[in-house]
Amino acid sequence: MKKLLLLAILLAGLAAAFALPPLPSCYHDNAEIEAELLALEAQYPALAKVHIIGYSELDDLPIYALKISDNVLAEEQEPAVLLIGQVHAEEVLGVETTMSNLSQILANSQALPYGSWISQLEMWFIPTINPEGLSVVTDDLDPSYRKNKRDNNNNGVFDFSTLVGYDVDGVDINRNFPFNWVHGDTLFTPAGLNTEAYDYYRGPFPVSESETRALMQFCHAQKPVFCIVWHSSRSGNLSEKVFYPLNWYATRPCPDLALGQQIGEGVAAAIIRENGSGGYEPSASEGRKGDINNWMYQQFGTICLVIECGTSNLQPDSTLMVNTVQRCSNGVWWLLNRALPFSSAVPSNSMLTGTIRNAATSQPLEAEIIVEQRHAPWFAPRKSDPASGRYWRPVSNGAYTLRFRKKGFADLVITGQNVNNGSWTTVNANLQPLNPVTLSGTVRSTVGGALIPARVILFDVENDTLQTGGEFIFNTYGGAHRLEVDAPGYYPYAGNVELGPGAHSVVLDIELTPADYVFVEDWENGVSNWVTQGPWVLQDELAFSGRALTDSWTGKGFYDINCDVHIRTAGPVYNPASQNTVLSFDQHLYTEFVYDSVRVEVSPDGSAWQAVWSDSGQKDYWHRVYIPMSSFAGTNLYLRFRLTDQSNDIDLTDPGWTLDNIRLLAGFSTCGLTPVAEDAVPPAPPCVFYPACPNPFRQTVKLQFSLAKDAPVRMEIYNLKGQKVRTLANRQFRKGLHALDWDGTDDDKAPAGSGIYLCRLSTADRTITRKLILVK
């Protein structure tokens, strides 16, 4: 009760401190933004093009983007720079800065440096990604409003309050992005309340908002190299600052911190403070809250700057507004000069660029670019443009090892590549294609030889996973591949498959023996067989089946700072020598990559422990782990599952580790491999439609199918009333494995509700249906 009272007092204090007067009339509303963008497009048709990149969550207001380039209707091989004027509704200074910038660039297109930017860059301006929030502010409903207008309580009424922090409806778009969404914003959340201040509500699930989806889709298409997102600080505590990527809580620096600092300092020095005392203050971004800038860096390596412009006077009169816009524009000009291949205004313009092509055909490739010295395991693959093969990687000057990677091609590694300080460094990559191989086969029981449902994983660049009915087809490539096969009740197979350079079609005959269960723990009878250290809790809300054990279910739901928690068997488990053995378990894992690891350890006496497996990172979906144990054959072993943390801040911890279905299995498995003539008919059926994964699903479900020969395929989603929801494909497919994703939206991109759906796959000779369960 005291905590609730403290929160109420805190919010009341915020309301008193930050109540805003009506918005001055000098600020653009949505209609004025639209009219001005369209007028500029008409005035400069060769340089400016208006795009609608999406619509707002509740009111379906268009989200506009203006592209400026010398060949504006074409996708040129030029780096993209993105300027986002507004995310939070009341922070309107960024809208004015963005509108002023685009108008000034077009009006001065024949002069330097404007002409250089237009000819050598693709500049994108999004005045607001929150148009319905902006309408709340410009219509003077609530000048302090922050979010969009999602109807959180589903009462059909827009519930808001002019007091800061009391708006029931709406989602903070800058907390809705998927990377680190789980943390939310704890700035005004006393520990243990399990709530968020209304103004910082992150949404019911990641990417729940149409505004978030619109920006994500736009960024995936354009892959911005540099970005500015304008904000303003309510309290004034963060005013007149430039945040660059990223150093979480001053202890977890990103690999590009030095580069971000150099760029952040350059932009900050170019913007003079309101009182004239010097430039804005540069600082590394420290938070992990599902925000745009963290997501853009993780996805694309974008150097995304968050600029808190102005002071606590969020909506100054026209005189101060114009003055603030002029000063802030100098930071934009500095960044645009930094993006050029050469600029006397910004002499340090180091950039790694080039084109990736198929060495056999010279066709451009969408491939991953890894800068080994600037890489991290939590990065999404940074890829080249699929149409041109062009890539852009801003890096500091120095020597680097570069790896270019694409499925179906041999990795190309370049060592000791120097990147110059004052200009772009071009490194083109020609990747050698690997020999295509059709890998098909069956999974059978050694008892009677019957086909058995199994999961088959072929480890490659993309790690293809199939849930099979006993038959499978992979469209893969020559070389050594790791193969794992498991089936309920059977001993799994794990081994390497060598697909020689002359192979075109290979048949596998995988046989699994029924498993002997040496040790089983499914938690249905409690934890009496275990000794626990730490806040382990049995629960049924997050479980592979029945109940599961998790290390951090109480309080905030994250593991503790500097924790060392474990469970171990109360007594030893005998590991037999007569058969092969493997330890298996289902896990749902979410820890900080590298720093906070989970481990499985064994001990002959319960005191001296040996680690046999470890893992870390965001793998927050149920998946099975297999650990070979045959090297400990004929011994008694204690088993220990352990999580340790290396944090100094609660926001560096994560949801932790959940375990289910721990088993020590004994048995045997074999894999026979037979090359087949190039023109032989694959032995598997003409079409295999694999079970959906994951299912149930919350955001995206993967739908995989294999074809024995080229064929037209139609894939559609239906609800239980028989109404078509979405057409995912209706076209010709090549033979081999294919995967389509359904993101839970209909043909109009509107979110579908929770429930059961049917996915129908149709070819010329068969129709197969799979049940899907969408949970929100």
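The values are calculated or read from the model by the stated rules, or taken from the named source; none is laboratory data. Because the structure is predicted, anything quoted here is derived from the model rather than measured. Backbone-built Cβ (ideal geometry, glycine too); neighbour counts: all protein chains shown. Remember, those area values only see protein heavy atoms, side chains included, never the ligands or the DNA or RNA. Shrake-Rupley method; radii C 1.70, N 1.55, O 1.52, S 1.80 Å.
Values computed for the structure shown
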{"read-out": "Restricting region 172-194 to residues that are open to solvent by 10 Å² or more (accessible area, probe 1.4 Å) and polar (S, T, N, Q), the residue that is modelled with the highest pLDDT", "value": "Asn174"}
{"read-out": "Residue that is nearest to Val332 (Cα to Cα), among those in region 116-128 that are in a helix (DSSP H, G or I) and open to solvent by less than 20 Å² (accessible area, probe 1.4 Å)", "value": "Trp117"}
{"read-out": "Residue among Val447, Val419 that is open to solvent by less than 50 Å² (accessible area, probe 1.4 Å) and aliphatic (A, V, I, L, M)", "value": "Val419"}
{"read-out": "In region 520-535, residue farthest from Ser445 (Cα to Cα) [restricted to those that are in a strand (DSSP E or B) and open to solvent by 30 Å² or more (accessible area, probe 1.4 Å)]", "value": "Gln533"}
{"read-out": "Odd one out for Tyr280 among (1) closer than 20 Å to Val87 by Cα; (2) buried (at least 22 other Cβ atoms within 10 Å of the Cβ)", "value": "(1)"}
{"read-out": "Hits in region 93-115 (condition: open to solvent by 10 Å² or more (accessible area, probe 1.4 Å) and within 25 Å of Glu211 (Cβ to Cβ))", "value": "Glu96, Ser100, Ser103"}
{"read-out": "Number of positions in region 316-365 that are among the small types (Gly, Ala, Ser), in a helix (DSSP H, G or I) and surrounded by fewer than 20 Cβ atoms within 10 Å (Cβ to Cβ)", "value": "2"}
{"read-out": "Unmet requirement for Glu90, which otherwise passes all of (1) at pLDDT below 95; (2) acidic (Asp, Glu); (3) buried (at least 21 other Cβ atoms within 10 Å of the Cβ)", "value": "(1)"}
{"read-out": "Search result, residues across region 428-454 that are assigned to a strand (DSSP E or B) and either without any contact (Cβ under 8 Å) to a residue 40 or more places away in the chain or aliphatic (A, V, I, L, M) (or both)", "value": "Ala429, Leu431, Val437, Leu439, Val443, Leu451, Ala454"}
{"read-out": "Pairs, first open to solvent by 10 Å² or more (accessible area, probe 1.4 Å) in region 461-474, second in a strand (DSSP E or B) and of a type in the set (Ser, Thr, Tyr), C-beta under 8 Å, six or more apart", "value": "Asp464/Thr476; Glu471/Ser440; Glu471/Thr442"}
{"read-out": "Yes/no for Ser277 being of a type in the set (Ser, Thr, Tyr), touching a residue at least 40 places away in the same chain (Cβ under 8 Å) and farther than 24 Å from Pro377 by Cβ", "value": "no"}
{"read-out": "Conditions (1) open to solvent by 20 Å² or more (accessible area, probe 1.4 Å); (2) part of a loop (DSSP other than H, G, I, E, B): number failed by Leu538", "value": "(2)"}
{"read-out": "Residues within region 503-516 that are open to solvent by less than 60 Å² (accessible area, probe 1.4 Å) and more than 17 Å from Pro453 (Cβ to Cβ), tallied", "value": "4"}
{"read-out": "Region 300-314, residues that are touching a residue at least 60 places away in the same chain (Cβ under 8 Å) and surrounded by fewer than 20 Cβ atoms within 10 Å (Cβ to Cβ)", "value": "Thr311, Ser312"}
{"read-out": "Number of the exception - Ser552 against (1) crowded, with 17+ Cβ neighbours inside 10 Å; (2) at pLDDT 95 or above; (3) of a type in the set (S, T, N, Q)", "value": "(2)"}
{"read-out": "Residue in region 568-588 that is part of a loop (DSSP other than H, G, I, E, B) and closer than 30 Å to His375 by Cβ present", "value": "no"}
{"read-out": "Every pair of residues 6+ apart whose Cβ atoms lie under 6 Å, when the first sits in region 558-571 and is modelled with pLDDT of 95 or more while the second is among the acidic types (Asp, Glu)", "value": "Val565/Asp551"}
{"read-out": "Qualifying positions in region 589-626 - assigned to a strand (DSSP E or B) and under 20 Å from the mean Cα position of the chain (by Cα)", "value": "Leu589, Tyr590, Asp615, Gln618, Lys619, Asp620, Tyr621, Trp622, His623"}
{"read-out": "Every residue from region 129-141 that is touching a residue at least 40 places away in the same chain (Cβ under 8 Å), in a loop (DSSP other than H, G, I, E, B) and either charged (D, E, K, R) or open to solvent by 10 Å² or more (accessible area, probe 1.4 Å) (or both)", "value": "Asp139, Asp140"}
{"read-out": "Residue in region 602-609 that is in contact with a Gly (Cβ under 9 Å, 6 or more places away or on another chain) and open to solvent by less than 60 Å² (accessible area, probe 1.4 Å) present", "value": "yes"}
{"read-out": "Of residues in region 247-274 being closer than 30 Å to Pro377 by Cβ and assigned to a strand (DSSP E or B), the one most open to solvent (accessible area, probe 1.4 Å)", "value": "Pro253"}
{"read-out": "Positions within region 744-769 being closer than 27 Å to Asp60 by Cβ and surrounded by 15 or more Cβ atoms within 10 Å (Cβ to Cβ), in sequence order", "value": "Gly744, Thr745, Asp746, Pro751, Ala752, Tyr757"}
{"read-out": "Hits in region 700-729 - residues which are among the basic types (Lys, Arg), closer than 19 Å to Leu466 by Cα and either part of a strand (DSSP E or B) or open to solvent by less than 60 Å² (accessible area, probe 1.4 Å) (or both)", "value": "Lys702"}
{"read-out": "Filter result (within 18 Å of Lys289 (Cα to Cα) and either touching a residue at least 60 places away in the same chain (Cβ under 8 Å) or acidic (Asp, Glu) (or both)) within region 235-265", "value": "Leu238, Val242, Phe243, Tyr244, Trp248, Tyr249, Thr251, Arg252, Cys254"}
{"read-out": "Counted residues, region 99-133 - those being under 16 Å from Tyr64 (Cβ atoms) and under 27 Å from the mean Cα position of the chain (by Cα)", "value": "11"}
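Yes/no per residue for (1) closer than 26 Å to Ile768 by Cα; (2) among the polar types (S, T, N, Q); (3) modelled with pLDDT under 90:
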site	(1), (2), (3)
Leu451	yes, no, no
Val461	no, no, yes
Ile473	yes, no, yes
Tyr477	no, no, yes
Val485	yes, no, no
Val497	no, no, yes
Val507	yes, no, yes
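Let's see how each residue does on (1) surrounded by fewer than 19 Cβ atoms within 10 Å (Cβ to Cβ); (2) part of a loop (DSSP other than H, G, I, E, B); (3) hydrophobic (A, V, I, L, M, F, W, C); (4) modelled with pLDDT under 95:
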residue	(1), (2), (3), (4)
Leu20	yes, yes, yes, yes
Glu32	yes, no, no, no
Ala35	yes, no, yes, no
His51	yes, no, no, no
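Yes/no matrix, rows are residues, columns are (1) within 31 Å of the chain's Cα centre (by Cα); (2) of a type in the set (S, T, N, Q):
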| site | (1), (2) |
| --- | --- |
| Glu274 | no, no |
| Pro282 | yes, no |
| Thr302 | yes, yes |
| Gly310 | no, no |
| Thr319 | no, yes |
| Asn330 | no, yes |
